[in-house]
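Written out below as structure tokens is the structure these notes cover.
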Amino acid sequence: MTAEESLHDSEQSPRRRTALLALIGACLLLTGFAIGVIARIPLQHKADAAPNAVDAGFCQDMSVHHAQAVQMAALELSGGSDPEVKRLAYDILTTQQNQAGRMQGWLQLWERPTLNPDGYMGWMTDHASMHGSMGSMPMTATPTGPVQSMPGMATDAELTQLRQLTGPAQDTLFLQLMLRHHRGGIAMVAYANSHADTDAVRTLADSMNATQQGEIQLMTQLLTARDATPLPMT
């Protein structure tokens, strides 16, 4: 039985769903560690691999952002019912876990902490450029220093609701939460693409932007087909 078939069968019982989520979590930890170690190798002998604050801050914050996306995708895979939505969740889970592993590997190589204890997005200091990179994304204010929550992140209550739902109701809430989540991360991706010093981070940010913009379009279409509306930006 393939991994995707196992995920499909997991809808049959809450006990199997809980066990599957635990297995996914363990596999993701192992995969992320392996990818992080491998990702260090190409940078170890590059003369242009010296990171600035944007390189490190982006890797720290986007790793956290990705971790929540992976969590939501795993929930959809274990309880959702729409094959197209589950395929999207599988793509997000595998892609973003891979990217998070690479970013964590770079932080280890740079001898930087995996998290910034002062908060998020403090590395986005060029306010004029940051405002332009956000495009039409609504925010209450342009950050002037570290903040305690990144745009688009799901709340604990929303994650609990997603965890408790199954079937079509979970499909719809997953799409709403992930669409908002992707939109919230685009500003950080665009800023890193413009301000990071390392080729590796700029290339990764560019790849993230292309992938997530396509997924944003798909999720918008899937929500429209369900007569569901996107959630307002947090």
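Since every read-out is calculated from the coordinates, none of them should be taken as a lab result. Keep in mind it's a predicted model, so treat the numbers as computed, not measured. Here the Cβ positions follow ideal geometry from the backbone for every residue, glycine too, while neighbour counts run over all protein chains shown.
In the neighborhood of His66, defined by Cβ-to-Cβ distances under 14 Å, what is the net charge if each Lys or Arg adds +1 and each Asp or Glu adds -1?
Net charge in that neighbourhood comes out at -2.
Could you please report the charge total around His181, scoring K, R as +1 and D, E as -1 over all other residues with beta-carbon less than 15 angstrom from its beta-carbon?
Here the count lands on -4.
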